[in-house]
Each structure stands twice: as structure tokens, then as C-alpha cells.
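The values are calculated or read from the model by the stated rules, or taken from the named source; none is laboratory data. Here the structure is a predicted model, which means the values were calculated and not measured. With ideal geometry, Cβ positions are generated from the backbone for all residues, glycine too; neighbour counts draw on all protein chains shown. To get the accessible areas, we keep the full protein, side chains included, count just its heavy atoms, and leave off ligands, DNA and RNA. Shrake-Rupley method; radii C 1.70, N 1.55, O 1.52, S 1.80 Å.
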Amino acid sequence: MKTVRWIAAVAIISVIAAACASDNNNSGSSGATAASGGTSSTGALPGAGSRVCFIADVGGVDDKSFNQQIHEGLQKAQSDLGVEYSYVTSKSAADYAPFMQDYVNQDCDLIVLAGFNMGPDLVKSAEANPDQKYVIVDYDIYDFSDPNNPKDVTLDNVSELTFQTDQAAFLAGYAAAGATKTGKVATYGGVFFPTVTIFMNGYTAGVRAYNQDNGTNVQVLGWDPAKQDGVQVSSDPAVGFYTPAEGRRVGEDFLSEGADVILPVAGGTGLGTMAAIQDAGNAYGIWVDTDGCVAATEYCDLFLTTVEKHMDVAVYATVQSVLDGTFKGGLYVGTLENDGVGIADLNSAVPADVASKIDELKQGIIDGSVSVDPADYPG
């Protein structure tokens, strides 16, 4: 599946361009790690002499999820295209602005930013440096100066990569509801950013759709979409997304309540949940962002599926657009239709008839006949 995604990268380059036109070292270190791209002695690769700079969020480039997938896409750009690549890992939100300025001062051709939390500092940096190109994952720029009438904003020098992960999470929720033996499934967030809760909304909608289709009453623990509230590890991203001990605690709580499928939307924290599931011996997890069987191979047999967000392909395509002169600021939305999101292969614990139904539902989401909004299904 990963090979197919990379074959599709050329198509995604054009999708990003069209969408935009229409609208380190060890974790916690403050230094950057750089590596030269694979250029030939004749400078034949298109990225020779160009530099891409990545600011990873807390958790770092080995978090087996969000930061790591962006990092891997940029490593591929380094090896395939010959760009020079460097990255730095944030210790906290206080690092974002100075790291951006450092990379502006270093004349990076593209500054890559990991996530929603960096958005406000990005806008300030981009407006102050209009000739500097940026790409941010999981952030759509809005002007909230009038709270009653927020306006979508396009900056010519910022590519905004967003993903409709509720579409893929819906399919995972339907699979979870079809696979549960206890009639209870669960989810939780590392921090309740909108880019986290969108997974939880889609997952809950999928469970409810299964109930509606089959006359069942599978319960979702950990999230109430009507209240947009549930189980959050912490309001601090450093805790919420990179503390496996907290993930184990939350997982054990859900298991004790009878849940036998758990979706952690919490980066590396979810590894603790998977450890608890492994110890229990009668439950499954659902991973996010990167295929769990690739990111955390030790738990492969315990992943029901993964809600994939193909950030690696999207950032690679953005690097390519910088090199070929087609970069434009604006919004890209990854969907099931354009392969910006998807689910990994289903575990055999998902019944065959449910797996077949999921294929049908995917097409319904693409053509608009199937809603992924939990409000459209009875609670």
C-alpha cells in the first residue's frame, strides 16, 4: 500500500497546486541535525543546492506517528530529490517562534511545520517574511478578528496541508463496532486539538452507523460528540502525545470498563495503550497517522487497522513543487477520494461481511451519500 501511495505522489503534487491556486537531534534538543542530499557530482538531482528545514513538535521524529511520518516524507525528498535536509525538535511551544526565525535566517528554501499548535507563530513569521516559503501540516489559517464572522485566509507563501481524517476514522469505527465482542469500544485524545477530535468524531459516527445498520447498541467510551468532550490525557502536548505511561493508564481504565477496541489519538502515548492491550490478551487497538504495522511492528497483530493520514506524501509533493516552481500558498485537503487519508488493511478479527460493507461505505463517503457526522446518527 505504501508503494502505491508514492506512485500517487505526482498526482498529489498537481492536487496541491490546484487546491492552493483556488483558494534533529534527540528529542528535546534545541539544535538542528542536518544531512546532505544524495546529489551526484554533476548536481543532476533537482534538489541540489536547495534546503528544506523541519520544525518537529514535542515527541520528536521518532514518535511512531505524526512527527515521524512528516520526517520520513522529507527524508525521502532528501534521498530522491537531493535536497539538503535539517530538522529541530521543539521542547515546548516557546521554541516555535525562535526556531522559525533561525530557519528564516538560514535561508531555507522551505520551512516545514508540524501541526496545529504552531499555527499562530507561523502566521506571524510568514507575514513578516513574505519571501520565505512555508508548509504547515494540520492548520488552516483563519482571521478571527470578528469572532462572529471568521474568514479563511490565504498567504501566498504558506501551503496549508489539512486532512479529513473523520472520513477514514468513520470506516475504522464501523470496523470496531463489527469486531467488538463486548459491545464496548473506546477512544481518547492526547490533547483536544481540532485535529485530534476530528478522528474521534468520525470514529463515533462509524460506530453509530454500524448500530443503525445492524440494530445493535455498541457503546463508545471516552468521547461525547454532542458535548465535544471526553477523555483527554493532558492539556500539555508534551504529556498528551509522548507519555506511554499515561497511555497505559487510560488503556487499562477502558479495558476494565469492558472496551475491547481502543483508538488512541495521542501519538507516542498510544504505545502505552497498546502495551496494556497486549497484556490483556483479548482486545485490539487502532493506530493513527502511520500504518501501525510499520510504526510499531511489535503490536502488528493487535492493530484492528490504522486511520492513515498521508502526510509523508503531501510534504514530499510540496518539496517537489518548490523545486519545479509550482509552489502556491493556500489550502490542500486530503480526503478518501484523493488518497490523502485512508485505512490500513483490516485485521482478520473484522468479519468478512463487515469488511465488504466498509468498501461500500468508502465509496458512499466519496460520492457524498454517506455522512461522517455523528450528529446524523442516533446516539
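Numbers at a glance
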read-out	value
Residues Asp156 and Gln106, FRET efficiency given R0 of 22 Å [Cβ-Cβ distance, rounded to 0.05]	0.55
Accessible area expressed per residue, the chain, with surrounding protein chains retained (probe 1.4 Å, Å²)	39 Å²
For the range 239-379, Kirkwood radius (reciprocal of mean inverse C-alpha pair distance, Å)	17.0 Å
Tail weight of P(r) past 19 Å, computed on alpha-carbon pairs of the range 123-218, percent	57 percent
Nonlocal amide H pairs with Gly330, under 5 Å, H built at 1.01 Å	Leu155, Val158, Ser159, Glu160
Rh by Kirkwood over Cα pairs, then Stokes-Einstein D for the range 82-122 at 1.002 mPa s and 20 °C, µm²/s	196 µm²/s
Cross-link partners of Lys133 among aspartates and glutamates (Cα-Cα below 16 Å; sequence separation of 8 or more within a chain)	Glu84, Asp102, Asp107, Asp109, Asp121, Asp156, Glu160, Asp324
With every protein chain in place, the range 138-211: carbon and sulfur % of accessible area (1.4 Å)	46 percent
Hz values of 3J(HN,Hα) by residue in the range 370-379 - Karplus curve (6.51, -1.76, 1.60), Gly and Pro given as x	10, 7, 10, 8, x, 5, 8, 10, x, x
Gyration tensor (alpha-carbon) shape descriptor, the range 146-189, a/c threshold 1.5	prolate
Burial order of peptide ranges 354-360, 364-370 (average beta-carbon count within 10 Å, highest first)	354-360, 364-370
Flagged links, alpha-carbon separation over 20 Å, of Lys227/Lys309; Lys181/Lys227; Lys76/Lys309; Lys227/Lys357; Lys227/Lys362; Lys64/Lys328	Lys227/Lys309; Lys181/Lys227; Lys227/Lys357; Lys227/Lys362; Lys64/Lys328
Answer label, with mean projected area of the Cα convex hull in nm² calculated from the coordinates and candidates (i) 18.1; (ii) 19.1; (iii) 20.5	(i)
Calculated [θ] (222 nm, deg cm²/dmol) that DSSP helices of n ≥ 4 give over the chain, each run adding -39,500 (n - 2.57)	-12500 deg cm²/dmol
Overall form of the range 158-303 per C-alpha gyration tensor (a/c, 1.5; a/b vs b/c)	rounded
